[in-house]
Amino acid sequence: MTIRKYLNAVSIIFLILGFNNVSYGYTGISVESGGGYSSNLYADSFSLGDSYLYGGLSLTNIQFDNTRLKTYYDLTYYRYSDRNSINQFNHLAGISVFRKLVSDKLKWSVDLAGTYRDYTEANSDYDNYNIFLSGDISYCIITGLRGGLAYRLKRSEYSGFDNLNHTEHKVKSTIIKTLPTRTTVRAKAEFYRRYFKIDDSKVDWLDLEFKLSQSIDIRTGVSAATAIRFTGNGTRPLSSYYILSGITPYWDPWDGYQLHGFLKRIFPWGVINITNIKYWNRKFSYSEAQQEELPWLTGISTRNDDGWSVDTQLDKQINLTARYFRALKVELSAGYYSNNSDDDYYDYDFFQCALSLIFYLK
């Protein structure tokens, strides 16, 4: 299916099933505008920074039956001050059927969604779309204990680079235990397998996570998590390593762990603050074929990274009495990121900040 046919099909389904069926449901429309700055757009040692502006439109419809239907479409445009070649439109459209009432022991959902990223002509080879088909099911085993399974199929294609096209399978299992002390314990395992068209390449990995969340009081919540990754044999196509661009989201397989701390606090006047702190340690391994074919990896079998980040966000929603708008949400965010590597290219520090205004229409 071509990108144009895909977008047309999703748009037609969205209009028929969503906004033309409003007998008993909710239709939401919001408009977003904002801007920001990053001192390192591509997270590498070149530290190319730039400011940007963006605008967006979001449409959502939910039918309020026991089994619910949700349709949605988001459009966002990013415009950079100096690096106009990465200006882009981002499209997201999807349909979800689910039953997840509070009283249900068995909860489930099925989702079909797609994204399309459209760069300016200078980088049109990086235009790409992703199609996602997913489903999940969970069951309350006993009071306070719920187990779940989920599967997601992803198909990704680029306009100008066949060696980046891939299909990915993800299987997830989760167990959640809630305690009378307002404590939640969560254990999660995720297995991924990614197939590339070129060279019949594949990569698979396993992520394990353990998370502990605690409600301190009605206004404060904290959580701490640790995650470990184990990577199996495999690599992406060797030819893809010659695509030198910071706008491709690809990485080499790695083994390692990550620690994550989270704090949420509701201040007076309804101001909400969310802060995340992370630390990671990753080891990348390079095969003999990579060392032989890629000159910059000659004699290099591993790369070791460790780093940390802290980011925080403040948001406040204001109810409005304007004719067309029911509320305004103001979001302010900032973060600092540091990665230490024995490969100078991946040794960097940077900060970023952003401000956004979201208007919710009546």
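The values are calculated or read from the model by the stated rules, or taken from the named source; none is laboratory data. No experiment lies behind these values; they were computed from the predicted model shown. Heads up, the Cβs are rebuilt from the backbone with ideal geometry, glycines too, and the neighbour counts pull from every protein chain shown. For the accessible areas, the whole protein counts, side chains as well, though only heavy atoms, and no ligand, DNA or RNA atoms are used. Shrake-Rupley method; radii C 1.70, N 1.55, O 1.52, S 1.80 Å.
Points to keep in mind about this one:
- Within the stretch 148-160, being open to solvent by 40 Å² or more (accessible area, probe 1.4 Å) and either in contact with a Leu (Cβ under 8 Å, 6 or more places away or on another chain) or of a type outside the set (Gly, Ala, Ser) (or both) holds for LEU149, TYR151, ARG152, LEU153, ARG155, GLU157.
- Considering residues of the stretch 74-103 that are among the hydrophobic types (A, V, I, L, M, F, W, C), under 30 Å from GLY147 (Cα atoms) and in contact with a strand residue (DSSP E or B) (Cβ under 9 Å, 6 or more places away or on another chain) only, the residue surrounded by the fewest Cβ atoms within 10 Å (Cβ to Cβ): LEU101
- Extreme residue, nearest to ASP136 (Cα to Cα), among residues of the stretch 166-217 that are surrounded by fewer than 17 Cβ atoms within 10 Å (Cβ to Cβ) and small (Gly, Ala, Ser): SER173
Residue-wise test of (1) of a type in the set (Gly, Ala, Ser); (2) modelled with pLDDT of 95 or more.
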residue	(1), (2)
VAL185	no, yes
ASP200	no, no
ASP217	no, no
SER240	yes, no
ASN276	no, yes
TRP280	no, yes
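- Residues within the stretch 45-73 that are over 30 Å from LEU106 (Cβ atoms), part of a strand (DSSP E or B) and either of a type in the set (Asp, Glu) or open to solvent by 50 Å² or more (accessible area, probe 1.4 Å) (or both), tallied: 3
- Some residue of the stretch 224-231 being open to solvent by less than 40 Å² (accessible area, probe 1.4 Å), farther than 30 Å from ALA327 by Cβ, free of Cβ contacts under 8 Å to residues at least 60 places away in the same chain and among the basic types (Lys, Arg): yes
Yes/no matrix, rows are residues, columns are (1) in a helix (DSSP H, G or I); (2) under 27 Å from ARG182 (Cα atoms); (3) touching a Cys at 6+ places or on another chain (Cβ under 8 Å):
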{"position": "ASN90", "(1), (2), (3)": "no, no, no"}
{"position": "ALA93", "(1), (2), (3)": "no, no, no"}
{"position": "VAL97", "(1), (2), (3)": "no, no, no"}
{"position": "SER103", "(1), (2), (3)": "no, yes, no"}
{"position": "LEU112", "(1), (2), (3)": "no, no, no"}
{"position": "TYR116", "(1), (2), (3)": "no, no, no"}
{"position": "ASN123", "(1), (2), (3)": "yes, no, no"}
{"position": "ARG152", "(1), (2), (3)": "no, no, no"}
{"position": "GLY160", "(1), (2), (3)": "no, no, no"}
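- Selection of the stretch 158-199 for residues being among the acidic types (Asp, Glu) and touching a helix residue (DSSP H, G or I) at 6+ places or on another chain (Cβ under 8 Å) yields ASP162, ASP199.
- Residue check for LEU41: in contact with a Cys (Cβ under 9 Å, 6 or more places away or on another chain) and either closer than 27 Å to LYS329 by Cα or open to solvent by 30 Å² or more (accessible area, probe 1.4 Å) (or both): no
- Identity of the residue in the stretch 232-241, out of contact with any helix residue (DSSP H, G or I) (no Cβ under 6 Å at 6 or more places or on another chain) and surrounded by 17 or more Cβ atoms within 10 Å (Cβ to Cβ), that ends up farthest from THR184 (Cα to Cα): TYR241
- Matching entry among ASP252, ASP204, ASP199 (being assigned to a strand (DSSP E or B) and under 30 Å from ASP127 (Cβ atoms)): ASP204
- Single residue of the stretch 60-93 satisfying the filter (touching a helix residue (DSSP H, G or I) at 6+ places or on another chain (Cβ under 8 Å) and among the small types (Gly, Ala, Ser)) that is farthest from LEU153 (Cα to Cα): SER85
- Long-range neighbours under 6 Å by Cβ, at least six apart or interchain, first residue touching a residue at least 24 places away in the same chain (Cβ under 8 Å) and among the aromatic types (Phe, Trp, Tyr) within the stretch 151-175, second open to solvent by less than 50 Å² (accessible area, probe 1.4 Å) and in a strand (DSSP E or B): TYR158/ASN128
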